[in-house]
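Structure record follows, encoded as structure tokens.
The values are calculated or read from the model by the stated rules, or taken from the named source; none is laboratory data. If you're wondering where the values come from, they're calculated on a predicted model, not measured in any experiment. Neighbour counts are summed over all protein chains in view; Cβ atoms, including those assigned to glycine, are modelled from backbone coordinates with ideal geometry. Note: areas computed on protein heavy atoms with side chains; ligands, DNA, RNA excluded. Shrake-Rupley method; radii C 1.70, N 1.55, O 1.52, S 1.80 Å.
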Amino acid sequence: MDTATHLVMGIGLAGLSFVDPVVAGNPALAGAVMLATVVGSQAPDADTALRLKNNAQYIRNHRGITHSLPFLIIWPALITLVFGPIFGFTDWTPLGHIALWSFIGVAVHVFSDLFNAYGTQAARPFTEKWIAWNIIHIFDPFIFGSHTAAIILWISGLVPPAPLFITLYVCTVLYYIWRTVVHARLTRNIKAKDVRHDASDRYIVIPTISTRRWNIVKVKVDGSYDVGQLHYGRLEWFKHAVCSKHPAVEHSKSHPDIQAFLYFTSYAVAEVEELPSGYIVRWGDVRYLHRKQFPFVAVLVMDHEYHPLNTYVGWLSNEKLDERFAIDPAP
């Protein structure tokens, strides 16, 4: 999920902590638990600091080790060791409650990220595979809106926190179950909607911000992709994506920024454009379709001897990429 959603979910879990009678009966502990859940709900994204180094390192490592199994314990331990003494708690009982609720904050963060298309390496150290269930968009209006409304009701004093947030999280769990069932049904039935399918085709159904619109990637046996959208049950294909076999593509794979991009995604295709000064290789992730473009890219500009001249990894439209590299559009 995005940072704002993780924040409201952290505050929501702080409200839910009032079901714990020890927390509800101790205002100081309730304050410590609130801070612990909010920080815990943000802690796995500490790797965002890698953006200060460069985008390639960020993309390669974001939602990696900081979302792994060991860090489900490490983050709560660090939070408890820091915030316990700050609030004057040294006994095991209050520290245990801080540890428990900070663990819940971290675990909910990692678990909710699994439902997005971006995914996490949540099974590390056993595997570095990116786990992405493609069920809920990175920003979901229902999740964010319902949490925000509940927080407002809590702050206003109109509804006590325990019943309010029990209701919120029962509804949230039911919402996740509903989206999971819908995604499974669409995935199971999508081939029947495609009049041009082959028996060997594999489909990926990817959520958008709308519950009625899903991006569809058809993986062909030859390694190419058909990319389209399912909107109100109507399937429309927008683009057939094939990875170029130009020598520049193979040379680009040796560049660390391209390697970082390909480490993150298994659904990338490359296009090559010849320039007076050399070549520009654009790798795009076909899972992220926006306005019939692939805005999540890794771009490498090379001379005619395939020496790198410039590079970019991140989110950018084709038009902005052309501006960034001062590329004149084709006549």
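Descriptive notes on the structure:
- Candidate set from the range 172-192 (those that are basic (K, R) and surrounded by 14 or more Cβ atoms within 10 Å (Cβ to Cβ)); member that is farthest from V217 (Cα to Cα): R179
- Boolean, F142 is at negative phi and part of a helix (DSSP H, G or I): yes
- Hits in the range 61-104 (condition: among the hydroxyl-bearing types (S, T, Y) and exposed (fewer than 15 other Cβ atoms within 10 Å of the Cβ)): T90, T93
- For F89, the conditions (1) under 15 Å from the mean Cα position of the chain (by Cα); (2) in contact (Cβ under 8 Å) with a residue 40 or more places away in the chain are fulfilled apart from (1).
- Looking across the range 193-224, just one residue is assigned to a strand (DSSP E or B), more than 18 Å from N116 (Cα to Cα) and open to solvent by 40 Å² or more (accessible area, probe 1.4 Å), and that is R202.
- Some residue of the range 44-54 being under 30 Å from G314 (Cβ atoms), of a type outside the set (S, T, Y) and surrounded by 20 or more Cβ atoms within 10 Å (Cβ to Cβ): yes
- Every condition in (1) closer than 26 Å to R291 by Cβ; (2) among the hydrophobic types (A, V, I, L, M, F, W, C); (3) under 22 Å from the mean Cα position of the chain (by Cα) is met by I190 except one, and the failing one is (3).
- R212 being in contact with a Phe, Trp or Tyr (Cβ under 7 Å, 6 or more places away or on another chain), among the charged types (D, E, K, R) and more than 27 Å from I280 (Cα to Cα): yes
- Residue in the range 19-29 that is at negative phi, open to solvent by less than 50 Å² (accessible area, probe 1.4 Å) and free of Cβ contacts under 8 Å to residues at least 24 places away in the same chain present: no
- Test result for A123, aliphatic (A, V, I, L, M), farther than 30 Å from Y203 by Cα and either in contact with a Ser or Thr (Cβ under 9 Å, 6 or more places away or on another chain) or modelled with pLDDT under 95 (or both): no
- Matching residues in the range 111-129 - criterion: being open to solvent by 60 Å² or more (accessible area, probe 1.4 Å) and basic (K, R): K129
- Members of the range 130-171 that are in contact with a Leu (Cβ under 8 Å, 6 or more places away or on another chain), over 30 Å from T187 (Cβ atoms) and open to solvent by 70 Å² or more (accessible area, probe 1.4 Å): I166
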